[in-house]
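The values are calculated or read from the model by the stated rules, or taken from the named source; none is laboratory data. Since we're looking at a predicted model, the values are computed, not measured. FYI the Cβ positions are ideal-geometry reconstructions off the backbone, even for glycines, and counts take in every protein chain you see.
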Amino acid sequence: MTLHRGCSDFFARARPSRAAVLALGAWLVLAAPMAMAESVFRSGFEPLEPAPIVNILRDDRVATLEMDYDGENAWGQWWTMDGNGNDAAGFLVSWWPEGQAGPPPGALPAAIRKDGSIGCLSEHGHDSATLSATRWLVTGNRRVQVQPLLNDAPYRVRVQRINSLGEITSYANEQLFNGGDATRVNALRTAMTYFDDFNLPLGPADETLWNNATVTSTDPRFNLFFINDQFHAHSLNGTRVDNTGDKSQTSQRFRKPLRIENGVRRRIVFDMDSPLSPRSVWYLDLNPVRTDVTGHADFFDMEGATGLPAGMLRLRAQFQTFSVNLIGMDGASHQIASVDMEAAGRQAVSNVRRAFDVRVGTDGIEVRIDGRSVIDAPFAPWTLAAGDYEPLWIAFGYNTPKDANPYYLVHWDNFGFDGPVVEPRSVHNYVTRIAGTDYQKSSRWNSEFPTFTIKVPDDLRPTQAGATAEAWLVWTYQMGDYSSFNLVPGDHVTLNDGASYPLPPRGNNSVPNVPELLDWAVPSTVRIKLGDLVQGGSSPLAIGDNRFRFFADNTGIIDVHLEVFYPPGSAPAYTPPAAIHPFPLHSELPRLGPPARFEQIGSTQIDEEHLIHDVPPTRITISGVVPLTMVVGNHSYANWAPELMVFPVASTEVWSTGGTTGISTVEVFLRPAGIGTPPGNAVMAIDTARDVPAPQGRYTRPFDTREFANGDYEIFVQASTPSGLKSHPSYGNETYLWDAADLSGAYYPIQIRIQN
């Protein structure tokens, strides 16, 4: 028995469902001799391909799948798409607990397709229903993580190839595996002095271990640090460019210091992916001073670039490059070593964490990624001074809208380090807010003296007799305008309209002192001690609202918070900030949908002259039947190799959510120039979810201009996801035209002229 495409008029007119054909194929495999199995055909009536090659790597509550993937030679594993729709586009991955019914082998039911997981956006909490649910994803990446999983519990995973029409094109590789494997993480818990596995419910991280901060150039909507339903942490960052800068930060300071000693290699571990949007970076800084944000923010990692703090060690990742930098006591940066992770067999893929293991001393550093040493370098001729260092995670963006990227995620887990306990005390933290920003300006020339309110619902006095706690007020100076920072004698902050404290100057730890490092825009974290607290004694702070009013000559103030330090065993009951202030969830942010664009209209490649600018775009003249080529869900190598879709996938949707729900339809709209309501009339529709939503696609279809009167028109391409979310334009300048909240479904036409 052999089925062929278009084998009868009936099949051409009324194609049977793909699920039915795949089910027929499955029956034939079971019922017929093995030789007949090779004659089974997929839903489009081409032969089903062999099943993908799948490798499963288990870790704590997660498994990494490698699918038709050569990690040692990752460069060049692009997707080749000639535009017909039958091109390979990625994989359907579904998984479920053993003993429970999985999804049908041929296609996912419509209800499951609509509600599928989308990277890190499927936030449902760590309930038993989540852990026992059937989950799925579609992806154009060859390396993904399935999560959350119970450890040492049997699961089934099924992987099938799919094309850009959403058709399943291969047999399934279905495997039974034992869920998560806690062996490595349990060993780290034992070996590390401090260790956070982030195995917490959906919401905030442990406030007694982490402090979150931001700067004036961070879009206040996109300053998030959170845990979702997948047992790992996220930093989210996006740049605002409407004020004084274009370098944004979302920073997390670990509240325990790490001691670097002569003759000892200290161990630091963390699991991390790498931001693949070109203007996005993460840093892990070891700072010799306590700071909530960094003033050393040179995006290009230039030799000799200056900033504060001085005397720090920086680990940096941007796209496939990982580097180690040492900042001298003069504030100048020096690159110690750099590695292309892809070339080293440790390719970075969005939302796929790799295990970093760092060994650092005063003399040099070794970095291992997934067990492979990728950097082993001395610091000479420089050194890292022995001393205590505070780790600071930084998600850093350099004008991310230039990437057409309003915000991006980094995904991390299992952070810790070894060494002595330097500060055994515990910290209770209270903040002005979680959502948005608390930035305010204090300026004497216009009598602007802002008040910051911090709610403290707890009795802060220690519970042990003889224990003394310390209350500190912490904030960051940063200018949010182009005026100069200035403090004068007498500048102060008051507490509850009573006690007054002098405002400290900005810190500069360079040796010898380099005054130029205190540039007007550099953020600088400072702190003042409010007083001591003892059992049964008085407190400088009230139970309830505490009002801090700043009287300064001219400065911006941001990230105001209280830190109360307790000797071991003396801390009272603690109400964390997330129990006091609204905690925004990732799922509440503007959704962007998949990227969509015309790549070519007729013989004309779409480039800068055809885009929306202040200058009217060039109009493309077409006649007769012309091809339209659309790219959705990814980017292609334009001009020199437009048929190559990049891998790892380059998509604002993936960068901002960690995944995609896929593409349900692709539509083309046409309207006479300036007439009627956008987007106009649909003149073309492509079903791209025949079995499952396609993760990406390049589509070339004929457009018959003879059906329309000659004249000037606007032509527009838009894709939709199974839930109805619209795509966002993907021409490169869309974030300068629309706010992030307006990108999904934004009308971005290309001007054409029909002339037959």
Within the range 113-150, track down each residue that is surrounded by fewer than 18 Cβ atoms within 10 Å (Cβ to Cβ), out of contact with any Leu (no Cβ under 9 Å at 6 or more places or on another chain) and either outside any loop (DSSP other than H, G, I, E, B) or modelled with pLDDT of 95 or more (or both).
-> 114, 128, 129, 130
Starting from residues that are of a type in the set (A, V, I, L, M) and within 18 Å of residue 631 (Cβ to Cβ), keep the ones in the range 726-748 and report whichever is surrounded by the most Cβ atoms within 10 Å (Cβ to Cβ).
-> 743
Give the residues of the range 715-728 that are in a strand (DSSP E or B) and either over 22 Å from residue 622 (Cα atoms) or among the small types (Gly, Ala, Ser) (or both), sorted by residue number.
-> 719, 720, 726, 728
Taking the range 554-592 and keeping residues in contact with a His (Cβ under 6 Å, 6 or more places away or on another chain) and modelled with pLDDT under 95 leaves 592
Run down 698, 690, 671 and say which single residue is of a type outside the set (A, V, I, L, M), part of a strand (DSSP E or B) and closer than 28 Å to residue 104 by Cα.
-> 698
Checked the range 607-630 for anything over 31 Å from the mean Cα position of the chain (by Cα), among the hydroxyl-bearing types (Ser, Thr, Tyr) and not in a loop (DSSP other than H, G, I, E, B); matches are 621
Filter the range 674-691 for residues that are at pLDDT 95 or above and small (Gly, Ala, Ser); which is farthest from residue 724 (Cα to Cα)?
-> 680
Considering 202, 224, which residue is within 25 Å of residue 653 (Cβ to Cβ), buried (at least 21 other Cβ atoms within 10 Å of the Cβ) and of a type outside the set (Val, Ile, Thr)?
-> 224
If you check every pair at least six apart or on different chains, which have Cβ atoms under 7 Å apart with a residue in the range 184-211 that is among the aliphatic types (A, V, I, L, M) first and a residue that is surrounded by fewer than 19 Cβ atoms within 10 Å (Cβ to Cβ) and assigned to a strand (DSSP E or B) second?
-> 188/195
For the range 710-717, indicate whether the set of residues that are closer than 20 Å to residue 651 by Cβ, touching a residue at least 40 places away in the same chain (Cβ under 8 Å) and among the aromatic types (Phe, Trp, Tyr) is non-empty.
-> yes
For residues in the range 646-668 being in contact with a Gly (Cβ under 8 Å, 6 or more places away or on another chain) and hydrophobic (A, V, I, L, M, F, W, C), which is surrounded by the fewest Cβ atoms within 10 Å (Cβ to Cβ)?
-> 647
Only one of these is farther than 28 Å from residue 120 by Cβ, surrounded by fewer than 23 Cβ atoms within 10 Å (Cβ to Cβ) and touching a residue at least 12 places away in the same chain (Cβ under 8 Å): 608, 643. Name it.
-> 643
Flag if residue 379 is touching a residue at least 12 places away in the same chain (Cβ under 8 Å) and within 24 Å of the chain's Cα centre (by Cα) | no
Of all residues in the range 325-370, which are touching a residue at least 60 places away in the same chain (Cβ under 8 Å) and polar (S, T, N, Q)?
-> 347, 350, 351, 362
Those residues that are of a type in the set (Phe, Trp, Tyr) and surrounded by 24 or more Cβ atoms within 10 Å (Cβ to Cβ), I need them from the range 669-699; list them, please.
-> 699
Would you check which residues across the range 362-421 are assigned to a strand (DSSP E or B), surrounded by 18 or more Cβ atoms within 10 Å (Cβ to Cβ) and of a type in the set (Gly, Ala, Ser) and list them?
-> 364, 395, 397, 416
Condition test on residue 310, is it among the small types (Gly, Ala, Ser) and in contact with a His (Cβ under 9 Å, 6 or more places away or on another chain)?
-> yes
Considering each residue of the range 578-596, count those that are surrounded by fewer than 20 Cβ atoms within 10 Å (Cβ to Cβ), touching a Pro at 6+ places or on another chain (Cβ under 9 Å) and in contact (Cβ under 8 Å) with a residue 24 or more places away in the chain, and give that number.
-> 4
In this structure, is residue 709 part of a strand (DSSP E or B), of a type in the set (Gly, Ala, Ser) and out of contact with any helix residue (DSSP H, G or I) (no Cβ under 9 Å at 6 or more places or on another chain)?
-> no
With respect to residue 660, determine if the residue is in contact with a Pro (Cβ under 7 Å, 6 or more places away or on another chain) and either in a loop (DSSP other than H, G, I, E, B) or free of Cβ contacts under 8 Å to residues at least 24 places away in the same chain (or both).
-> yes
Tell me, which strands (runs of 3 or more DSSP E) wholly within the range 443-532 include 1 or more residues that are in contact (Cβ under 8 Å) with a residue 24 or more places away in the chain and surrounded by 18 or more Cβ atoms within 10 Å (Cβ to Cβ)?
-> 451-456, 468-477, 492-495
